[in-house]
Amino acid sequence: MAGMTAEPSPYTNDDIAALAERLLDRTLPKEQWTHAAHLTATLRLVRTRDTGLERDLPGIIRAYNVSVGGVNDDQGGYHETITQAYLAAIRAFVAGLPDETADAEAAARLLATPMGDKAWPLTHWSRERLFSVDARRGWVDPDLKPLDHPPGE
């Protein structure tokens, strides 16, 4: 991570703490639940309460989706493969950060990686496989390129 330059974070340290809390208590307005917010909230959760996130994050996201009027079905809402892929990659990213890195700096660095582009999963999965019902409901291995940090690693 040393020497990596990134654009300034769109979030302050306080914003990041509030973002994660508002996800957890389901008070985050739907329009603020952007790709950057997904990654940043997950980063904060990994840094502050990493134990059991593979198990807990699906329920957190499903409950949030419902709270803002969304659904979790075979066409929309929670997506297991995407969530677990990002969670594993963010966990590996966090493991490479110096301990003293502030959340805002960590978020800026994370958003500057390929994960900052919401098309990142499509570098590993074909569109057909990634957006299949099986991939939405459960883990489906990539069919284009293996992940550097697969879930459970």
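The values are calculated or read from the model by the stated rules, or taken from the named source; none is laboratory data. Note that this is a predicted model, so its numbers are computed, not measured. When we count neighbours, we look across all protein chains shown, and the Cβ atoms used for this are built from the backbone with ideal geometry, even at glycine.
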Checklist outcome for this item: If we keep only residues of region 123-153 that are surrounded by 12 or more Cβ atoms within 10 Å (Cβ to Cβ) and β-branched (Val, Ile, Thr), then the residue farthest from ILE90 (Cα to Cα) is VAL140
Next on the checklist: Checking ALA37 against (1) assigned to a loop (DSSP other than H, G, I, E, B); (2) within 12 Å of the chain's Cα centre (by Cα), only one condition comes out false. Which one?
Outcome noted: (1)
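This table checks each residue for (1) closer than 16 Å to PRO10 by Cα; (2) in contact with a His (Cβ under 6 Å, 6 or more places away or on another chain).
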site	(1), (2)
ALA104	yes, no
MET115	yes, no
ALA119	no, no
TRP125	no, no
PHE131	no, no
ALA135	no, no
TRP139	no, no
LYS145	no, yes
Next on the checklist: Scan region 72-94 and tell me whether some residue there is at pLDDT below 95 and surrounded by 18 or more Cβ atoms within 10 Å (Cβ to Cβ).
Outcome noted: no
Item to check | Single unsatisfied condition, THR12 versus (1) more than 22 Å from MET115 (Cβ to Cβ); (2) touching a residue at least 12 places away in the same chain (Cβ under 8 Å); (3) of a type in the set (Val, Ile, Thr) | outcome: (1)
Checklist entry - Which ones in region 53-90 are under 20 Å from ASP134 (Cβ atoms) and part of a loop (DSSP other than H, G, I, E, B)? => result VAL71, ASN72, ASP73, ASP74, GLN75, GLY76, GLY77, TYR78, HIS79
Next on the checklist: Restricting to region 40-59, give me the number of residues that are in contact (Cβ under 8 Å) with a residue 40 or more places away in the chain, surrounded by fewer than 17 Cβ atoms within 10 Å (Cβ to Cβ) and closer than 21 Å to ASP99 by Cα.
Outcome noted: 1
Checklist entry - How many residues are assigned to a loop (DSSP other than H, G, I, E, B) and more than 13 Å from ALA63 (Cβ to Cβ) when one looks only at region 23-32? => result 1
